[in-house]
Amino acid sequence: MVTGILLILLIFIGAFIGRKKQLARRFNDNVRIALDYMVQEHPGQYSGDRNAKSGVFIFNTERANDTLRSVVIKKVNPLHSALNVNLDHMLLISLEGAAAAKNVSVRFKVAKKAAKIDDLKDVLIKVTGVLNFKQGDTKDFTVVLPIAGLHQLSRRAKNADLNDAQVLEDIADLNLSM
């Protein structure tokens, strides 16, 4: 009896893990996305509340499949205990006819007043949504994305000659000092 229950439990756990991997693979096969962040320069910059600390996550989205029309982001959940995202409505990233990457931003708030947010690079963000295709097909996805880095530094790195080691060291020093 106990072995039967354990067997059923293992089957459910295996199906759950397989489904999660399938949803992430579905997303990665159709969309290329990079996630950057910006933190407010002074308290209350985005919210008007002088005590609130906040910032934005910037989704740099590009389609990898020509039949993809749009990406709808339903839920954004930072896997960091001090960060909170209250997504009031879904985000639509229209990729139809887009030659260049599209950028969409989502505000986040630092939930813990005493939390020090110096560097969010490599913090994981769980994103849930729907992929819309030209044939009218829709596919759900759930993916966990790492934050690539600070938005301003990412732009400087793309514009710089990446063969120059000194530029990369300067960017690393700036990132550590923030």
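Phi-derived couplings, Karplus 6.51 cos²θ - 1.76 cosθ + 1.60 at θ = phi - 60°, listed residue by residue for the range 126-131: 8, 10, 10, x, 9, 9 Hz, with x used for Gly and Pro.
If the limit is 27 Å between Cα atoms, which of K20/K74; K21/K75; K21/K112; K109/K139; K109/K134 go over it? Violating the 27 Å Cα-Cα cut-off are K21/K112; K109/K139; K109/K134.
Read the figures in this text as sums done on the coordinates, not as results from a lab. The structure presented is a predicted model; accordingly, all values stated were derived computationally and were not measured.
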